[in-house]
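K.L.:
Next up is a structure, given as structure tokens.
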Amino acid sequence: MAESICRSLRDGSIEGEHSPALTIKDSLQSHAGTHAFNYFLCSLAANVCAGKSQARGLVLVAFSQSPSFYLSLLKRKRMDASLLTKCLRILDCYSDPLGWKEKIRQSSGPDKPVFTESDYVCRDVKDITKLLSSILELGKGFSEGRAYFAVAIDSVSSMLKHASLPSIAGFISNLRSHAQVSSMLWLLHADLHEPRSTAVLEYMSSIVASVEPMVEITDGQKGSDNLFWLGRGLQKGRFHVRFKRRNGRVKLFNEEFHIEHTGITFSTPSSENIVVSQTLLPKQLQFNLQLSEKERADRSRVLLPFEHQGNGEPIQIYDGRRSLTESNTGLNGLQQHALSIEMEAQRMQSKGEIHYIRDSDDEQPDSDEDPDDDLDI
Amino acid sequence: MNHSPNLLDEALGLTGRGFGCGALSQGRVVLVEDCVETSGAFVLHHLVKRALSTDSGGNVIFIALSHSFSHYDRILRKLGCNLSMHREHNRFHFVDMLKVEFPNEIQKNAVEHGLVDLYSKILKAVEVSSSGDYSRAHISIVIDDLSILEIVAHGSVDHVLDFLHYCITLTSEQDCSLVILNHEDIYPEMEAPRLLSHLIYLADFVIKAEPLVTGIAADVHGQLTVLKKGTFNDSQYTDKASNFHFQVKENGVELFFPGTRC
């Protein structure tokens, strides 16, 4: 459940253990991953600012949105601006990730272009070691030097564009095992990478939350169909969570999410959302396929020729264990299962009695089903 | 001169009153995908014309990789837009990339240097636009087209995506929007999903020009699908998709819902 994820991020790590890490995974079929990330980010930030969490500060590494976007997002959630400045540090990897603006500034003449930038800008995202040290430095800058801090990365897919998978895996592993990192969360777009990269990041996280569409669209066709699945309703979807607990148990949760103006909300899955399969019948039929109550009653009163002979014998249901009274030289195990009335009749020696043994209890009398349907020859 | 909004304008949200409403609002990234059978260039021409029209008063920075200035001048003139005049008034900045070639192996980071140069040209143009007469106007950056930029960058998709990222930072820091034309059928099977997926993640609008499923027709040139990602539509959060047919004419493009044309 989403609440338990928030609690897990809030409670942080135990001494000597890796900190809990949340991967939020989405894809183009259900690209509401940013909403889910914003939700957990806001929840963690609220806990940090209110002092309820183990972490005393939050370091946000922003790749895909500008820092001002996050600040306005958090302010919209009614977080106190002064508390935010104390508890939140944003490492800006969005404005100038490769240092191009710096190069232009250095090479341009007297009229230098003016860039509006935030406080902590990273100008070389390819250098993972330097990125790691910047994050740790920012983390140590919170109230006391030894305090815990949480790290949020938006998004790891952008990091994978600039650096190799092993270096990023090492980066995340270093962060998780750092004594002062309380918890981590990051966003990943599954279809921008090879499955290997996604798998590596999933292994390294204790909680994997996937944002999926309500109905999975499985055709891998490209072309004009490619975009139409993007046009389907995004409002609802499934939120699948895999939770690795400390005691080694893995719990799976399935929830639904709804996206509204205020953001994303999670709820327990309701049965009404199961897609009702449309019957294949056309809307107007000339005849009636259902039975009315009277017809149902009449049908149950019909005397079936073989079963209800009225001779006092109980209705026998073949349970597969007893062998038949006559020799079964000609029968093998498979055929025993699907004895039909005709075969029985043939083995009778005298007057042509018919002993009808019904195959199973849930076979309707007078059913049109072929009893040999489940034969596997 | 046709100033009434057509279906494409409505789908992109370009309808509205007042100064600056004819242009794409700030922070919008539009991806136009086309293919060999159906060229999507008319979408670019239409957006340029809307951006430069008198009621929107916007500026355009055009990064031209596939055609020369005279080509666009001729086409836009037929649409009723005088590019030469706008160019003189610094409303239309033409960045001619036709003859540009990034040296391959001379410098180690030649491709990156080339793209940084291009970016600095764009920045200068943005600055000129923001300080000129139309200083409060919206700036549209149009790239025609991205696949040629990839060729110029010697096939390096990563560098192209980095360049696009920097252009997108402009959309959030300044009043800019970005329009990219890309061909979706030129990539081999394995490579295609990656770059196209990246672009779809980055874009707010995806406009796809495709041929009709029924084949070639004399009066309908193709179908256009406009997808607006993640919007609130009557309190329902969804991707809004519109589909219509189009016919490209000399003086514009005619858009209509399938089957509504007699």
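Throughout, read-outs are computed from the coordinates displayed, never taken from laboratory work. On a predicted model such as this, the values are computed, not experimentally measured, just so you know. Don't worry about glycine lacking a Cβ; one is built from the backbone with ideal geometry, like all the others, and counts go over all protein chains shown.
K.L.:
What length, rounded to one decimal in nm, is gained on full extension from A:ASN288 through to A:ALA179, with 0.36 nm per residue of separation minus their alpha-carbon distance? Present the calculation step by step, with values, prior to reporting the outcome.
P.N.:
Working: separation 109, 0.36 × 109 = 39.24 nm, distance 7.20 nm.
Net length gain for the segment: 32.0 nm.
K.L.:
How high is the FRET efficiency from A:ARG78 to B:SER172, r the C-beta distance, R0 22 Å, rounded to 0.05? Don't skip to the end; give the middle numbers.
P.N.:
Values: r = 23 Å, r/R0 = 1.06.
Computed FRET efficiency for A:ARG78 and B:SER172: 0.40.
K.L.:
Further question on the same structure: Report the local net charge at A:LEU60: Lys and Arg +1, Asp and Glu -1, summed over other residues whose C-beta lies under 12 Å from its C-beta.
P.N.:
Values: positive: A:ARG89; negative: A:ASP92, A:ASP154.
Result for the local shell: -1.
K.L.:
Label-point separation (nm) for A:LYS140 and B:GLU101, each offset 7 Å from Cα along Cα-to-Cβ?
P.N.:
In this crude label model, A:LYS140 to B:GLU101 measures out at 5.2 nm.
K.L.:
Sequence neighbours fewer than 8 away in the same chain don't count; with that in mind, list the lysines whose C-alpha is under 23 Å from A:LYS86.
P.N.:
A:LYS52, A:LYS75, A:LYS77, A:LYS140
K.L.:
So, with +1 on the Cβ of K and R and -1 on the Cβ of D and E, and no other charges, what is the size of the charge dipole of the range B:23-204 about its Cα centre, to the nearest 20 debye? Mind dumping the intermediate values first?
P.N.:
Values: 14 positive and 25 negative charges, 172 e Å.
So the dipole magnitude of the range B:23-204 works out to roughly 820 debye.
K.L.:
Could you list A:MET159, A:MET79 in order of exposure, starting from the residue whose Cβ has the fewest other Cβ atoms within 10 Å? Walk me through the numbers before you get to the answer.
P.N.:
On the way: A:MET159 25, A:MET79 20.
Going from least to most buried by this count: A:MET79, A:MET159.
K.L.:
I've got another one for you. How much length is gained if the chain between A:VAL215 and A:ASP119 is pulled fully straight, taking 0.36 nm per residue apart and subtracting their Cα-Cα distance, in nm to one decimal? Each step should come with its number before you reach the end.
P.N.:
Details: separation 96, 0.36 × 96 = 34.56 nm, distance 4.35 nm.
Result: 30.2 nm gained on full extension.
K.L.:
Let me know the shape class of the range B:23-204, please: from the alpha-carbon gyration tensor, a ≥ b ≥ c as square roots of the eigenvalues, rounded when a/c is under 1.5, otherwise prolate if a/b is greater than b/c, or oblate. Can you show the working numbers first?
P.N.:
Details: a/c = 1.57, a/b = 1.38, b/c = 1.14.
Here the range B:23-204 falls in the prolate category.
K.L.:
Below 15 angstrom from the Cβ of B:VAL220, what's the summed charge of the other residues (Lys, Arg +1; Asp, Glu -1)? Mind dumping the intermediate values first?
P.N.:
Values: positive: B:LYS249, B:ARG261; negative: B:GLU37, B:GLU210, B:ASP219, B:GLU254.
With Lys, Arg at +1 and Asp, Glu at -1, the neighbours total -2.
K.L.:
Related question: Extending each Cα 7 Å along its Cβ direction at B:GLU10 and A:VAL200, get the distance between those two points in nm, one decimal.
P.N.:
5.0
K.L.:
For B:ASN251 and A:SER108, what does the FRET efficiency come to when R0 = 45 Å and r is the distance between their Cβ atoms, rounded to the nearest 0.05?
P.N.:
Details: r = 42 Å, r/R0 = 0.94.
So, using R0 = 45 Å, E works out to roughly 0.60.
K.L.:
Report the local net charge at B:CYS81: Lys and Arg +1, Asp and Glu -1, summed over other residues whose C-beta lies under 10 Å from its C-beta. Walk me through the intermediate numbers first.
P.N.:
On the way: positive: B:LYS49, B:ARG50, B:ARG77, B:LYS78; negative: B:ASP73.
Result for the neighbourhood of B:CYS81: +3.
K.L.:
Further question on the same structure: Between B:ARG74 and B:THR260, what length in nm is gained on full extension when 0.36 nm per residue of separation is reduced by their alpha carbon distance?
P.N.:
Numbers: separation 186, 0.36 × 186 = 66.96 nm, distance 3.11 nm.
Extra length from B:ARG74 to B:THR260 when fully extended: 63.8 nm.
K.L.:
Just to be sure I understand the model, the point goes 7 Å from the Cα along the line to the Cβ. What's the resulting A:ALA147 to A:ASP372 distance in nm?
P.N.:
So the label points at A:ALA147 and A:ASP372 sit 8.0 nm apart.
K.L.:
Defining a contact as two alpha carbons under 8 Å apart and six or more residues distant in sequence, what relative contact order in percent does the range B:23-204 show?
P.N.:
On the way: 273 pairs, mean separation 67.9, N = 182.
Averaging sequence separation for qualifying contacts and normalising by length gives 37 percent for the range B:23-204.
K.L.:
A follow-up question, please. Give the cross-link partners of B:LYS78 among the lysines, using a straight C-alpha distance below 18 Å as the criterion and excluding same-chain residues fewer than 8 apart.
P.N.:
Partners found: B:LYS49, B:LYS249.
K.L.:
Next question. If I take R0 = 22 Å and measure r between the Cβ atoms of B:ILE151 and A:LYS126 in this structure, what FRET efficiency does the formula 1/(1 + (r/R0)^6) give, to the nearest 0.05? Can you show the working numbers first?
P.N.:
Values: r = 24 Å, r/R0 = 1.09.
That pair, B:ILE151 with A:LYS126, gives E of 0.40.
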